[in-house]
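For reference, the structure is listed below as structure tokens.
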Amino acid sequence: MRKIITAALAAATMAAPALAAPAAPPKLVIAISVDQFSADLFDEYRAAFSGGLARMASGAAYRNGWQGHAATETCPGHSTILTGDRPARTGIIANTWFDQSQARSDKAVYCAEDERVPGSSSSSYTVSPLHLRVPTLGERLQLASPQSRSVAVAGKDRAAVMMGGHKLDQRWYWDGKKYVTDLAGVRVPTAATATNAAVTRLISAPGEPLESPDLCRAKAKAIAVGSDGKTVGAGAFARVAGDAKSFRASPAFDGATLALAAGLIGEMKLGQGSATDLIAIGASATDYVGHTYGTEGQEMCLQLLSLDRDLGDFFALLDRQKIDYAVVLTADHGGNDLPEREQLAGVAGAARVDPALFPGTAGKAIAVKLRLGGPVLVGDSPFGDVYLDRALSPADRTRALAAAVSYYRASPQVEAVFTHAQLDRAPLPTGDPATWSLRDRARASFDDQRSGDFVVLLRRRITPIADAKTYVATHGSAWDYDRRVPILFWHAGMAAAPSNAPVETIDIAPTLAAWIGLKIARGAIDGHCVTTVPGVSCPR
């Protein structure tokens, strides 16, 4: 399986080139986001890494990186990495929000769609960076250096869009069957055609289970989930022929994305021109594995060790091409294990969410109590942004808001509820995100135009999935297991600089900008250059 997907990367050594870090800016900047790669997982497996993740950990390694905001989802998290801004400024408050002024019947808005296109919906959409309100590093680079190229490749469209931005040379992402682009008029690279052909062949054949090393076998314990006999925890990614969904939730998915990225680097000769180039890579399989199997079973162990190997092969290929590249690796958010396994381990408070907290159910109860018609509440999640029905009169909206806040605050599974007005009045947080209050965390992902009439934050270890028929575990909370992520910088010759100091993902863009000599005006973004990255001279 791995040979088919990463043929261009195979048979490579992991020896990092013994070069002194040059004074000139690196010719290629590689920004990698490993979706749902929490700092907890990084800490847990760090000693077991021997490939690309080991190389990244040997540079400037910040184990206390932060996605400081409360909305720890894919779209908001990716919007911070290469913009230098929090969701409150990027405008990307969630994967999906609601706009009741929409003419279409579907009032949900997907973060990476253009709902102005006829026929677009939040589930069947036209991919677009329309909703991203700020420029990315790649856009800033190309504005200052027109010879520079900017590329994004990811397993998810929203990852590629939020890291790539509004204007770039190539953008490719998986659509469920193949890698596609939303960019009109761009030449389809041979790398995309070849990768799609290889993946099609792979998916059409059965997938044999992966060989499990001792470390992973020790985690192989089947955990019963739900009432239909479903178990997770002891799988090894065996797959029936034609099962593209299982391919997506397997290590092979990241292998394909990295193969495409490597192919584009070679075909476009990124890092080999007169100006610095940038490629953003979204490795999405860890997220799908976490959702499908949880974070503490054999499946996640196999996924991370495989990613470590594939990243090692990817870097070694660049080494052989003698490309001067710098890398940053982080995550869009962390993740929480399935509550059934946590309960067996004695984790306090681990439980699935009460279905009564979903807006549809809560809205009906409030409607009966207040003798109101209509849905009263609009939303699709038991946490995060919840909206009041715009059809209610102003007086009824006031009554419904008070009743809804009381309803949610009365639940033993709810930690806090903040109204739109409360968050609008709150100052934007600063300082160490580890010390932020819950209101600070919610404020960091609040937008006056897009956020709900109130925001619900669940208690620790409450999984907002009620039935586990599709996914068994998730993220999205305001707690540190979802907010804390690794932030790792590496360049050939860089001195090891492990650190426990707090760094935010919004600090990545200004740090990379300083590394390549790109000026960003003071105060133009939320983030700050990290002064402790060896070889980076931050502006004073």
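Take the residues in region 258-290 that are assigned to a helix (DSSP H, G or I) and out of contact with any Asp or Glu (no Cβ under 9 Å at 6 or more places or on another chain); name whichever of them is nearest to T330 (Cα to Cα).
Going residue by residue through region 258-290, those that are assigned to a helix (DSSP H, G or I) are 258-268, 285-290.
Still in the list and also out of contact with any Asp or Glu (no Cβ under 9 Å at 6 or more places or on another chain): 260-261, 263-264, 266-267.
Values: L260: 20, A261: 17, G263: 22, L264: 21, G266: 24, E267: 26 Å.
Once the filter is applied, the top-ranked residue is A261.
Write out, first by first residue and then by second, each pair whose Cβ atoms fall under 6 Å of each other, whose residues are 6+ apart or on separate chains, and whose first residue, in region 481-493, is over 15 Å from V34 (Cβ atoms) while the second is among the aliphatic types (A, V, I, L, M) and assigned to a strand (DSSP E or B).
Going by the 6 Å Cβ cut-off, the qualifying pairs are H491/A326.
Quick one: in region 121-152, which of the residues that are of a type in the set (K, R) and not in a helix (DSSP H, G or I) is farthest from D169 (Cα to Cα)?
Of everything passing the filter in region 121-152, R133 is farthest from D169 (Cα to Cα).
State which residue is surrounded by the fewest Cβ atoms within 10 Å (Cβ to Cβ) when the search covers only region 189-209 and only residues that are touching a residue at least 24 places away in the same chain (Cβ under 8 Å), of a type in the set (G, A, S) and in a helix (DSSP H, G or I).
S204
Please go through region 43-99 and pick out each residue that is within 18 Å of the chain's Cα centre (by Cα), part of a helix (DSSP H, G or I) and surrounded by fewer than 24 Cβ atoms within 10 Å (Cβ to Cβ).
Matches in region 43-99: A88, R89.
Could you tell me which numbered condition A404 fails, if it satisfies all but one of (1) without any contact (Cβ under 8 Å) to a residue 60 or more places away in the chain; (2) in contact with a strand residue (DSSP E or B) (Cβ under 7 Å, 6 or more places away or on another chain); (3) surrounded by fewer than 23 Cβ atoms within 10 Å (Cβ to Cβ)?
(3)
Can you tell me which of A160, A224, A249 is crowded, with 16+ Cβ neighbours inside 10 Å and in contact (Cβ under 8 Å) with a residue 60 or more places away in the chain?
Unique residue meeting the criteria: A160.
Is region 162-176 home to any residue that is of a type outside the set (S, T, N, Q), in contact with a His (Cβ under 8 Å, 6 or more places away or on another chain) and not in a loop (DSSP other than H, G, I, E, B)?
Yes, the conditions are met somewhere in region 162-176.
It is to be established whether one or more residues within region 355-365 are touching a residue at least 24 places away in the same chain (Cβ under 8 Å) and either touching a Lys or Arg at 6+ places or on another chain (Cβ under 8 Å) or of a type in the set (D, E, K, R) (or both).
The answer is no, given that none of the residues of region 355-365 is touching a residue at least 24 places away in the same chain (Cβ under 8 Å) and either touching a Lys or Arg at 6+ places or on another chain (Cβ under 8 Å) or of a type in the set (D, E, K, R) (or both).
Are any of the residues in region 137-157 of a type in the set (D, E) and within 21 Å of Q36 (Cβ to Cβ)?
yes
Residues in region 26-42 that are among the aromatic types (F, W, Y) and in a helix (DSSP H, G or I): how many? Let's see the steps before the verdict.
We begin by selecting, within region 26-42, every residue among the aromatic types (F, W, Y); these are 37, 42.
Okay, now just the ones that are also in a helix (DSSP H, G or I), so 42.
Final tally of qualifying residues: 1.
Can you find a residue in region 425-436 that is aliphatic (A, V, I, L, M), in contact (Cβ under 8 Å) with a residue 60 or more places away in the chain and either buried (at least 19 other Cβ atoms within 10 Å of the Cβ) or under 14 Å from D480 (Cα atoms) (or both)?
yes
Would it be correct to say that A473 is under 25 Å from E296 (Cβ atoms), in contact with a His (Cβ under 7 Å, 6 or more places away or on another chain) and of a type outside the set (D, E)?
Yes: the conditions hold for A473.
Which condition from (1) buried (at least 22 other Cβ atoms within 10 Å of the Cβ); (2) part of a loop (DSSP other than H, G, I, E, B) is the one that V485 breaks?
Unmet for V485, out of (1) buried (at least 22 other Cβ atoms within 10 Å of the Cβ); (2) part of a loop (DSSP other than H, G, I, E, B): (2).
Failed condition for R133, given (1) basic (K, R); (2) free of Cβ contacts under 8 Å to residues at least 40 places away in the same chain; (3) surrounded by fewer than 24 Cβ atoms within 10 Å (Cβ to Cβ), with all others met?
Among (1) basic (K, R); (2) free of Cβ contacts under 8 Å to residues at least 40 places away in the same chain; (3) surrounded by fewer than 24 Cβ atoms within 10 Å (Cβ to Cβ), the lone unmet condition for R133 is (2).
Taken together, the values in this text are just the output of simple stated rules run on the coordinates, not laboratory data. Not measured: the values here are computed from a predicted model. For neighbour counting, all protein chains shown are included, and Cβ atoms are generated from backbone atoms with ideal geometry for every residue, glycine included.
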